[in-house]
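Enquirer: First the structure, which I've put down as C-alpha coordinates, then a few questions once you've had a look.
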Protein chains: 2
Amino acid sequence: MTAKRDEIIATTCELLEVQGYHATGLNRILQESGAPKGSLYHYFPEGKEELAAEAIARSGAGIAGHIERALLESDDPAEAVTGFIRALAGHVAASGYRQGGPITAVALEAASTSERLRLACRDQYRGWQALFAAKLRPRYGPARADRLAALIIAAIEGGIILARSERSLQPLLAVAEEIEVLLGG
Amino acid sequence: MTAKRDEIIATTCELLEVQGYHATGLNRILQESGAPKGSLYHYFPEGKEELAAEAIARSGAGIAGHIERALLESDDPAEAVTGFIRALAGHVAASGYRQGGPITAVALEAASTSERLRLACRDQYRGWQALFAAKLRPRYGPARADRLAALIIAAIEGGIILARSERSLQPLLAVAEEIEVLLGG
DNA sequence: GTCTATACTATGATAGAC
DNA sequence: GTCTATCATAGTATAGAC
(Lines give C-alpha, C1' and ligand atoms only; values in the text may rest on other atoms or scores of the structure.)
Protein backbone atom coordinates (compact mmCIF):
# COMPACT_ATOMS: atom_id res chain seq x y z
CA MET A 1 0.00 0.00 0.00
CA THR A 2 1.99 2.94 -1.26
CA ALA A 3 -0.88 5.38 -0.89
CA LYS A 4 -0.50 5.49 2.85
CA ARG A 5 3.23 5.91 2.60
CA ASP A 6 2.61 8.82 0.29
CA GLU A 7 0.18 10.36 2.69
CA ILE A 8 2.75 10.17 5.46
CA ILE A 9 5.34 11.90 3.31
CA ALA A 10 2.90 14.60 2.25
CA THR A 11 2.02 15.36 5.84
CA THR A 12 5.68 15.46 6.76
CA CYS A 13 6.33 17.98 3.99
CA GLU A 14 3.73 20.32 5.43
CA LEU A 15 4.92 20.05 8.98
CA LEU A 16 8.59 20.44 8.13
CA GLU A 17 7.80 23.56 6.16
CA VAL A 18 5.95 25.22 9.00
CA GLN A 19 7.87 23.99 12.03
CA GLY A 20 11.17 22.51 11.00
CA TYR A 21 12.61 19.12 11.82
CA HIS A 22 12.93 18.86 15.55
CA ALA A 23 9.62 20.48 16.34
CA THR A 24 7.87 17.93 14.18
CA GLY A 25 7.10 14.78 16.11
CA LEU A 26 6.37 11.42 14.58
CA ASN A 27 3.21 11.15 16.62
CA ARG A 28 1.89 14.31 15.08
CA ILE A 29 2.76 13.11 11.60
CA LEU A 30 1.00 9.81 12.10
CA GLN A 31 -2.04 11.39 13.65
CA GLU A 32 -2.35 14.09 10.99
CA SER A 33 -1.88 11.69 8.13
CA GLY A 34 -4.32 9.20 9.55
CA ALA A 35 -1.77 6.42 9.32
CA PRO A 36 -1.71 3.67 11.94
CA LYS A 37 0.69 4.21 14.76
CA GLY A 38 2.85 1.20 14.25
CA SER A 39 3.15 1.57 10.52
CA LEU A 40 5.92 4.13 10.41
CA TYR A 41 8.85 1.82 10.87
CA HIS A 42 7.34 -0.53 8.37
CA TYR A 43 7.37 2.12 5.66
CA PHE A 44 10.51 3.91 6.84
CA PRO A 45 12.84 1.38 8.46
CA GLU A 46 15.50 4.00 9.08
CA GLY A 47 13.09 6.14 11.01
CA LYS A 48 12.57 9.85 11.11
CA GLU A 49 15.65 10.80 9.13
CA GLU A 50 14.68 8.64 6.20
CA LEU A 51 11.18 10.04 6.22
CA ALA A 52 12.45 13.61 6.37
CA ALA A 53 14.90 13.02 3.54
CA GLU A 54 12.11 11.78 1.32
CA ALA A 55 9.92 14.70 2.28
CA ILE A 56 12.69 17.14 1.42
CA ALA A 57 13.14 15.54 -1.98
CA ARG A 58 9.44 15.74 -2.67
CA SER A 59 9.04 19.34 -1.54
CA GLY A 60 12.11 20.32 -3.51
CA ALA A 61 10.80 18.69 -6.65
CA GLY A 62 7.56 20.60 -6.24
CA ILE A 63 9.39 23.90 -6.04
CA ALA A 64 11.49 22.96 -9.04
CA GLY A 65 8.28 22.46 -10.98
CA HIS A 66 7.05 25.89 -9.98
CA ILE A 67 10.33 27.46 -11.01
CA GLU A 68 10.29 25.72 -14.37
CA ARG A 69 6.79 26.83 -15.15
CA ALA A 70 7.42 30.39 -14.01
CA LEU A 71 10.55 30.71 -16.14
CA LEU A 72 8.59 29.71 -19.23
CA GLU A 73 6.23 32.63 -18.79
CA SER A 74 8.57 35.19 -20.28
CA ASP A 75 11.56 35.28 -22.58
CA ASP A 76 13.00 38.12 -20.58
CA PRO A 77 14.96 36.63 -17.67
CA ALA A 78 14.34 39.63 -15.40
CA GLU A 79 10.62 39.41 -15.93
CA ALA A 80 10.54 35.65 -15.56
CA VAL A 81 12.56 35.61 -12.35
CA THR A 82 10.72 38.42 -10.64
CA GLY A 83 7.44 36.91 -11.76
CA PHE A 84 8.35 33.80 -9.85
CA ILE A 85 9.28 35.75 -6.75
CA ARG A 86 6.06 37.73 -6.77
CA ALA A 87 3.99 34.59 -7.22
CA LEU A 88 5.85 33.03 -4.32
CA ALA A 89 5.17 36.10 -2.21
CA GLY A 90 1.48 35.69 -2.89
CA HIS A 91 1.65 32.11 -1.73
CA VAL A 92 3.48 33.06 1.45
CA ALA A 93 0.86 35.65 2.33
CA ALA A 94 -2.02 33.33 1.44
CA SER A 95 -0.71 30.76 3.90
CA GLY A 96 -0.77 33.30 6.70
CA TYR A 97 3.02 33.58 6.57
CA ARG A 98 3.40 30.00 7.63
CA GLN A 99 4.48 28.42 4.39
CA GLY A 100 7.02 29.22 1.71
CA GLY A 101 10.49 27.77 1.78
CA PRO A 102 9.62 24.14 2.42
CA ILE A 103 13.16 23.10 3.22
CA THR A 104 14.66 26.27 4.64
CA ALA A 105 14.13 25.47 8.29
CA VAL A 106 15.37 21.91 7.92
CA ALA A 107 18.42 23.04 5.97
CA LEU A 108 19.52 25.20 8.86
CA GLU A 109 18.75 22.76 11.63
CA ALA A 110 20.34 19.84 9.86
CA ALA A 111 23.41 21.51 8.40
CA SER A 112 25.47 20.78 11.48
CA THR A 113 23.46 17.84 12.75
CA SER A 114 22.60 15.33 10.08
CA GLU A 115 24.78 14.76 7.06
CA ARG A 116 22.01 12.94 5.32
CA LEU A 117 19.53 15.81 5.59
CA ARG A 118 22.19 18.37 4.80
CA LEU A 119 22.88 16.63 1.51
CA ALA A 120 19.20 16.22 0.79
CA CYS A 121 18.70 19.97 1.13
CA ARG A 122 21.85 20.81 -0.74
CA ASP A 123 20.74 18.74 -3.71
CA GLN A 124 17.44 20.57 -3.90
CA TYR A 125 19.16 23.95 -3.78
CA ARG A 126 21.52 22.87 -6.51
CA GLY A 127 18.60 21.79 -8.64
CA TRP A 128 16.80 25.11 -8.27
CA GLN A 129 19.96 27.05 -8.90
CA ALA A 130 20.60 25.12 -12.09
CA LEU A 131 17.16 26.07 -13.39
CA PHE A 132 17.73 29.77 -12.85
CA ALA A 133 21.27 29.59 -14.19
CA ALA A 134 20.07 27.93 -17.38
CA LYS A 135 17.62 30.74 -17.98
CA LEU A 136 20.24 33.41 -17.37
CA ARG A 137 23.10 31.84 -19.29
CA PRO A 138 22.24 33.10 -22.77
CA ARG A 139 22.37 36.69 -21.65
CA TYR A 140 25.03 36.67 -18.94
CA GLY A 141 27.33 33.80 -19.80
CA PRO A 142 27.97 30.73 -17.64
CA ALA A 143 30.01 32.18 -14.78
CA ARG A 144 27.88 35.22 -14.12
CA ALA A 145 24.70 33.18 -14.56
CA ASP A 146 25.82 30.87 -11.78
CA ARG A 147 26.55 33.79 -9.48
CA LEU A 148 23.24 35.45 -10.26
CA ALA A 149 21.40 32.20 -9.66
CA ALA A 150 23.09 31.86 -6.28
CA LEU A 151 22.08 35.38 -5.37
CA ILE A 152 18.51 34.76 -6.49
CA ILE A 153 18.11 31.62 -4.41
CA ALA A 154 19.77 33.26 -1.42
CA ALA A 155 17.65 36.40 -1.66
CA ILE A 156 14.48 34.36 -1.98
CA GLU A 157 15.28 32.15 0.99
CA GLY A 158 16.27 35.14 3.07
CA GLY A 159 13.29 37.11 1.85
CA ILE A 160 10.99 34.35 3.05
CA ILE A 161 12.60 34.45 6.47
CA LEU A 162 12.10 38.21 6.72
CA ALA A 163 8.56 38.00 5.39
CA ARG A 164 7.60 35.36 7.92
CA SER A 165 9.24 37.31 10.72
CA GLU A 166 7.53 40.54 9.74
CA ARG A 167 4.30 38.97 8.61
CA SER A 168 4.58 41.21 5.60
CA LEU A 169 5.24 40.82 1.90
CA GLN A 170 7.41 43.87 1.83
CA PRO A 171 10.80 42.12 2.13
CA LEU A 172 10.01 39.70 -0.68
CA LEU A 173 8.71 42.46 -2.90
CA ALA A 174 11.82 44.52 -2.23
CA VAL A 175 13.91 41.53 -3.22
CA ALA A 176 11.95 41.16 -6.43
CA GLU A 177 12.34 44.83 -7.30
CA GLU A 178 16.06 44.94 -6.70
CA ILE A 179 16.69 41.72 -8.57
CA GLU A 180 14.75 43.22 -11.43
CA VAL A 181 17.13 46.18 -11.38
CA LEU A 182 20.14 43.92 -11.27
CA LEU A 183 18.95 41.77 -14.16
CA GLY A 184 17.43 44.59 -16.11
CA GLY A 185 20.61 46.58 -16.50
CA MET B 1 25.19 36.60 40.78
CA THR B 2 24.53 37.76 37.28
CA ALA B 3 27.64 36.11 35.91
CA LYS B 4 26.06 32.68 35.84
CA ARG B 5 22.95 34.02 34.20
CA ASP B 6 25.15 35.56 31.57
CA GLU B 7 26.98 32.32 31.03
CA ILE B 8 23.68 30.53 30.47
CA ILE B 9 22.61 33.09 27.90
CA ALA B 10 25.96 32.93 26.12
CA THR B 11 25.76 29.16 25.84
CA THR B 12 22.21 29.43 24.58
CA CYS B 13 23.35 31.84 21.88
CA GLU B 14 25.87 29.34 20.63
CA LEU B 15 23.53 26.40 20.62
CA LEU B 16 20.66 28.28 19.00
CA GLU B 17 22.97 29.40 16.24
CA VAL B 18 24.16 25.92 15.44
CA GLN B 19 21.06 23.84 16.04
CA GLY B 20 18.01 26.03 16.30
CA TYR B 21 15.42 26.24 19.03
CA HIS B 22 13.79 22.86 19.33
CA ALA B 23 16.96 20.87 18.94
CA THR B 24 18.50 22.75 21.83
CA GLY B 25 17.53 21.20 25.12
CA LEU B 26 17.67 22.90 28.45
CA ASN B 27 19.75 20.06 29.83
CA ARG B 28 22.40 20.62 27.21
CA ILE B 29 22.46 24.33 27.90
CA LEU B 30 22.87 23.81 31.61
CA GLN B 31 25.51 21.16 31.19
CA GLU B 32 27.50 23.15 28.66
CA SER B 33 27.36 26.35 30.67
CA GLY B 34 28.24 24.56 33.89
CA ALA B 35 25.18 25.94 35.60
CA PRO B 36 23.22 23.78 38.01
CA LYS B 37 19.98 22.35 36.71
CA GLY B 38 17.79 23.83 39.35
CA SER B 39 18.96 27.36 38.77
CA LEU B 40 17.31 27.82 35.43
CA TYR B 41 13.87 28.72 36.65
CA HIS B 42 15.37 31.03 39.16
CA TYR B 43 17.08 33.08 36.47
CA PHE B 44 14.40 32.60 33.83
CA PRO B 45 11.04 32.16 35.53
CA GLU B 46 9.21 31.96 32.22
CA GLY B 47 11.35 29.08 31.09
CA LYS B 48 12.91 28.28 27.77
CA GLU B 49 11.12 30.91 25.76
CA GLU B 50 12.32 33.72 27.98
CA LEU B 51 15.86 32.41 27.83
CA ALA B 52 15.74 32.12 24.05
CA ALA B 53 14.33 35.61 23.68
CA GLU B 54 17.21 37.04 25.68
CA ALA B 55 19.72 35.03 23.69
CA ILE B 56 18.27 36.32 20.44
CA ALA B 57 18.53 39.90 21.65
CA ARG B 58 22.12 39.39 22.67
CA SER B 59 23.20 37.65 19.47
CA GLY B 60 21.42 40.29 17.45
CA ALA B 61 23.16 43.10 19.26
CA GLY B 62 26.49 41.44 18.58
CA ILE B 63 25.78 41.30 14.87
CA ALA B 64 24.64 44.90 14.91
CA GLY B 65 28.00 45.83 16.37
CA HIS B 66 29.81 43.98 13.61
CA ILE B 67 27.70 45.71 10.98
CA GLU B 68 28.35 49.12 12.47
CA ARG B 69 32.08 48.62 12.59
CA ALA B 70 32.21 47.19 9.08
CA LEU B 71 30.24 50.09 7.64
CA LEU B 72 32.73 52.54 9.09
CA GLU B 73 35.55 50.97 7.16
CA SER B 74 34.78 52.69 3.90
CA ASP B 75 32.91 55.74 2.71
CA ASP B 76 31.82 53.87 -0.35
CA PRO B 77 28.64 51.95 0.52
CA ALA B 78 29.34 49.19 -1.99
CA GLU B 79 32.78 48.59 -0.56
CA ALA B 80 31.55 48.77 3.02
CA VAL B 81 28.64 46.37 2.53
CA THR B 82 30.58 43.79 0.57
CA GLY B 83 33.41 44.07 3.05
CA PHE B 84 31.00 43.03 5.76
CA ILE B 85 29.71 40.09 3.75
CA ARG B 86 33.19 38.83 2.98
CA ALA B 87 34.25 39.11 6.58
CA LEU B 88 31.13 37.19 7.56
CA ALA B 89 31.95 34.54 5.00
CA GLY B 90 35.34 34.11 6.59
CA HIS B 91 33.72 33.62 9.96
CA VAL B 92 31.30 31.04 8.59
CA ALA B 93 34.12 29.01 7.09
CA ALA B 94 36.28 29.32 10.18
CA SER B 95 33.51 27.80 12.27
CA GLY B 96 33.38 24.76 10.04
CA TYR B 97 30.15 26.02 8.48
CA ARG B 98 28.35 25.67 11.75
CA GLN B 99 28.02 29.29 12.73
CA GLY B 100 26.89 32.46 11.00
CA GLY B 101 23.34 33.65 11.20
CA PRO B 102 22.78 33.36 14.94
CA ILE B 103 19.04 33.85 14.76
CA THR B 104 18.20 32.49 11.34
CA ALA B 105 17.17 29.03 12.42
CA VAL B 106 15.13 30.28 15.33
CA ALA B 107 13.41 32.87 13.18
CA LEU B 108 12.09 30.17 10.91
CA GLU B 109 11.11 27.70 13.56
CA ALA B 110 9.43 30.27 15.73
CA ALA B 111 7.69 32.33 13.05
CA SER B 112 4.60 30.14 13.18
CA THR B 113 5.07 28.82 16.68
CA SER B 114 5.97 31.45 19.22
CA GLU B 115 4.86 35.03 18.87
CA ARG B 116 7.38 36.11 21.45
CA LEU B 117 10.35 34.67 19.60
CA ARG B 118 9.04 35.83 16.26
CA LEU B 119 9.00 39.40 17.53
CA ALA B 120 12.40 39.02 19.10
CA CYS B 121 13.88 37.98 15.76
CA ARG B 122 11.94 40.57 13.83
CA ASP B 123 13.31 43.34 16.01
CA GLN B 124 16.86 42.24 15.38
CA TYR B 125 16.33 42.10 11.65
CA ARG B 126 14.83 45.57 11.73
CA GLY B 127 17.81 46.87 13.62
CA TRP B 128 20.29 45.46 11.16
CA GLN B 129 18.30 46.70 8.23
CA ALA B 130 18.21 50.20 9.68
CA LEU B 131 22.00 50.24 9.88
CA PHE B 132 22.45 49.33 6.24
CA ALA B 133 19.70 51.69 5.17
CA ALA B 134 21.33 54.59 6.99
CA LYS B 135 24.57 53.97 5.14
CA LEU B 136 22.84 53.77 1.78
CA ARG B 137 20.46 56.69 2.21
CA PRO B 138 22.79 59.50 1.14
CA ARG B 139 23.41 57.95 -2.21
CA TYR B 140 20.12 56.20 -2.97
CA GLY B 141 17.47 58.13 -1.09
CA PRO B 142 15.24 56.79 1.67
CA ALA B 143 12.88 54.50 -0.26
CA ARG B 144 15.50 52.78 -2.35
CA ALA B 145 17.85 52.52 0.62
CA ASP B 146 15.21 50.60 2.52
CA ARG B 147 14.66 48.22 -0.36
CA LEU B 148 18.38 47.69 -0.83
CA ALA B 149 18.82 47.07 2.86
CA ALA B 150 16.07 44.45 2.78
CA LEU B 151 17.75 42.75 -0.16
CA ILE B 152 21.11 42.81 1.58
CA ILE B 153 19.79 41.22 4.75
CA ALA B 154 17.82 38.66 2.79
CA ALA B 155 20.72 37.76 0.54
CA ILE B 156 23.05 37.40 3.51
CA GLU B 157 20.67 35.20 5.45
CA GLY B 158 19.99 33.08 2.41
CA GLY B 159 23.65 33.01 1.51
CA ILE B 160 24.45 31.61 4.92
CA ILE B 161 21.89 28.87 4.45
CA LEU B 162 23.39 27.91 1.11
CA ALA B 163 26.95 28.11 2.41
CA ARG B 164 26.13 25.86 5.32
CA SER B 165 24.33 23.40 3.07
CA GLU B 166 27.17 23.31 0.56
CA ARG B 167 29.95 23.64 3.07
CA SER B 168 31.38 26.22 0.75
CA LEU B 169 31.93 29.95 0.74
CA GLN B 170 30.94 30.21 -2.86
CA PRO B 171 27.30 31.22 -2.36
CA LEU B 172 28.22 33.99 0.05
CA LEU B 173 30.95 35.26 -2.20
CA ALA B 174 28.59 35.24 -5.15
CA VAL B 175 26.16 37.28 -3.08
CA ALA B 176 28.89 39.77 -2.24
CA GLU B 177 29.94 40.14 -5.84
CA GLU B 178 26.46 40.70 -7.18
CA ILE B 179 25.56 43.14 -4.46
CA GLU B 180 28.70 45.01 -5.33
CA VAL B 181 27.47 45.21 -8.91
CA LEU B 182 24.06 46.38 -7.79
CA LEU B 183 25.44 49.06 -5.50
CA GLY B 184 28.34 49.98 -7.72
CA GLY B 185 26.22 51.15 -10.66
C1' DG C 1 16.03 35.73 50.61
C1' DT C 2 19.14 33.61 46.85
C1' DC C 3 20.05 29.68 44.77
C1' DT C 4 19.84 24.45 43.64
C1' DA C 5 18.63 19.27 43.96
C1' DT C 6 15.27 16.46 42.97
C1' DA C 7 10.90 14.85 41.30
C1' DC C 8 7.17 15.06 37.94
C1' DT C 9 4.48 14.76 33.83
C1' DA C 10 4.51 14.62 28.98
C1' DT C 11 6.22 13.30 24.84
C1' DG C 12 10.11 12.09 21.98
C1' DA C 13 11.92 8.11 18.86
C1' DT C 14 12.26 3.39 18.51
C1' DA C 15 11.67 -1.78 18.47
C1' DG C 16 9.81 -6.14 19.64
C1' DA C 17 5.38 -8.83 20.25
C1' DC C 18 1.18 -10.17 18.18
C1' DG D 1 1.10 -4.80 9.05
C1' DT D 2 -0.14 -2.79 13.39
C1' DC D 3 -0.36 -2.23 18.52
C1' DT D 4 1.78 -1.62 22.62
C1' DA D 5 5.99 -1.49 25.49
C1' DT D 6 10.28 0.75 26.16
C1' DC D 7 13.56 3.85 27.27
C1' DA D 8 15.43 8.40 26.92
C1' DT D 9 14.86 13.09 27.32
C1' DA D 10 12.04 17.01 27.04
C1' DG D 11 10.32 21.13 29.82
C1' DT D 12 8.56 22.31 34.22
C1' DA D 13 7.69 23.05 39.26
C1' DT D 14 8.43 22.67 44.02
C1' DA D 15 10.59 21.94 48.36
C1' DG D 16 14.38 22.63 50.79
C1' DA D 17 19.62 24.04 51.44
C1' DC D 18 22.65 27.66 52.13
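Enquirer: Might you report the magnitude of the Cβ-based charge dipole of the stretch A:1-72 about its Cα centre, with Lys and Arg at +1 and Asp and Glu at -1, to the nearest 20 debye?
Expert: Details: 7 positive and 10 negative charges, 30 e Å.
With only Lys, Arg, Asp and Glu charged at Cβ, the dipole is about 140 debye.
Enquirer: On a 0 to 90 degree scale, rounded to 10, what angle separates helix A:48-72 from the longest Cα axis of chain A?
Expert: Rounded to the nearest ten degrees, it is 30.
Enquirer: Using alpha-carbon pairs under 8 Å, 6+ residues apart, how would you state the relative contact order of the stretch A:104-181 in percent?
Expert: On the way: 48 pairs, mean separation 14.2, N = 78.
Value for the stretch A:104-181: 18 percent.
Enquirer: Under the definition of Cα pairs under 8 Å and six or more residues apart, what whole-number percent is the relative contact order of the stretch B:1-98? Let's see the in-between values first.
Expert: Values: 54 pairs, mean separation 23.8, N = 98.
24 percent.
Enquirer: Determine the relative contact order of the stretch A:49-184: mean sequence separation of Cα pairs under 8 Å and six or more apart, normalised by residue count, in whole percent. Spell out each step's value before the answer.
Expert: Values: 137 pairs, mean separation 43.1, N = 136.
Computed value for the stretch A:49-184: 32 percent relative contact order.
Enquirer: Which is farthest toward the positive dipole end of the protein assembly as shown among A:A107, B:T113, A:T82, measuring Cα position about the Cα centre, with Cβ charges +1 (Lys, Arg) and -1 (Asp, Glu)?
Expert: It is B:T113, whose Cα lies furthest towards the positive end.
Enquirer: Taking all protein chains as present, what is the carbon and sulfur share of the accessible area of the stretch A:49-184, in % to the nearest whole number, probe 1.4 Å? Could the numbers behind the result be given before it?
Expert: Working: 2520 of 4820 Å².
Accessible surface attributable to carbon and sulfur in the stretch A:49-184 totals 52 percent.
Enquirer: As I understand it, the value is the acute angle between the Cα axis of helix A:170-184 and the longest principal axis of the Cα atoms of chain A; what does it come to in degrees, rounded to 10?
Expert: Roughly 40 degrees between the two axes.
Enquirer: Is there a quick way to get the dipole size of the protein assembly as shown? I mean about its Cα centre, with the Cβ of Lys and Arg at +1 and of Asp and Glu at -1; what is the value in debye to the nearest 20?
Expert: On the way: 40 positive and 46 negative charges, 70 e Å.
Computed about the Cα centre, the dipole is about 340 debye.
Enquirer: Mind checking how much accessible area A and B bury in total, 1.4 Å probe, in Å² rounded to 100? Please list the in-between numbers first.
Expert: Working: alone 9400 and 9320 Å², together 14820 Å².
The contact between B and A buries close to 3900 Å².
Enquirer: Before I look further, what does the stretch A:1-75 give for accessible area per residue, probe 1.4 Å, in whole square angstrom?
Expert: Details: 3870 Å² over 75 residues.
Solvent-accessible surface per residue comes out at 52 Å².
Enquirer: Next question, about the same structure. Please identify, among B:S95, B:S33, B:S59, the residue showing maximal mean-square fluctuation in a Gaussian network model of chain B using a 10 angstrom Cα cutoff.
Expert: B:S95
Enquirer: For A:P77, what is the net charge nearby, where nearby means another residue's Cβ is under 13 Å from its Cβ and Lys, Arg count +1, Asp, Glu -1? Write out the running numbers ahead of the final one.
Expert: Details: positive: A:K135, A:R137, A:R139, A:R144; negative: A:E73, A:D75, A:D76, A:E79, A:E180.
Charge balance in the 13 Å sphere: -1.
Enquirer: Any idea which of B:A145, B:T11, B:G96 is furthest toward the positive side of the dipole for chain B, if Lys and Arg beta-carbons carry +1 and Asp and Glu beta-carbons -1?
Expert: The listed residue farthest towards the positive side: B:T11.
Enquirer: If Lys and Arg each add +1 and Asp and Glu each add -1, what is the summed charge of the other residues whose beta carbon sits under 11 Å from the beta carbon of B:L173?
Expert: Numbers: positive: A:R147, B:R86; negative: B:E177, B:E178, B:E180.
Once all neighbours under 11 Å are counted, the net charge is -1.
Enquirer: Rounded to the nearest 500, what is the 222 nm mean residue ellipticity of chain B from helices alone, with -39500 (n - 2.57) per DSSP H run of 4+ residues and division by all residues? Could the numbers behind the result be given before it?
Expert: Working: 9 runs with 147 residues, N = 185.
Helices in chain B give a 222 nm mean residue ellipticity of -26500 deg cm²/dmol.
Enquirer: Based on Cβ point charges of +1 for Lys and Arg and -1 for Asp and Glu, what charge dipole magnitude is obtained for chain A about its Cα centre, in debye rounded to the nearest 20? Write out the running numbers ahead of the final one.
Expert: On the way: 20 positive and 23 negative charges, 46 e Å.
That gives chain A a dipole magnitude of about 220 debye.
Enquirer: Once phi is turned into θ = phi - 60°, what whole-Hz ³J(HN,Hα) does the Karplus curve with 6.51, -1.76 and 1.60 give for every residue of the stretch B:129-143, x standing for Gly and Pro?
Expert: Running phi through 6.51 cos²θ - 1.76 cosθ + 1.60 with θ = phi - 60° gives 4, 4, 5, 5, 4, 4, 5, 8, 4, x, 8, 10, x, x, 5 Hz.
Enquirer: Of B:K48/B:K135; A:K4/B:K48; A:K37/B:K48, which pairs sit farther than 32 Å apart, going by alpha carbon to alpha carbon? Display every interim value, and only then the final one.
Expert: Numbers: B:K48/B:K135 36 Å; A:K4/B:K48 36 Å; A:K37/B:K48 30 Å.
Flagged as over cut-off: B:K48/B:K135; A:K4/B:K48.
The values are calculated or read from the model by the stated rules, or taken from the named source; none is laboratory data. Remember, it's a predicted structure, so these values are computed and weren't measured experimentally. Cβ atoms come from the backbone with ideal geometry, glycine included; neighbour counts cover every protein chain shown. Surface accessibility is based on the protein's heavy atoms, side chains included, excluding ligands, DNA and RNA. Shrake-Rupley method; radii C 1.70, N 1.55, O 1.52, S 1.80 Å.
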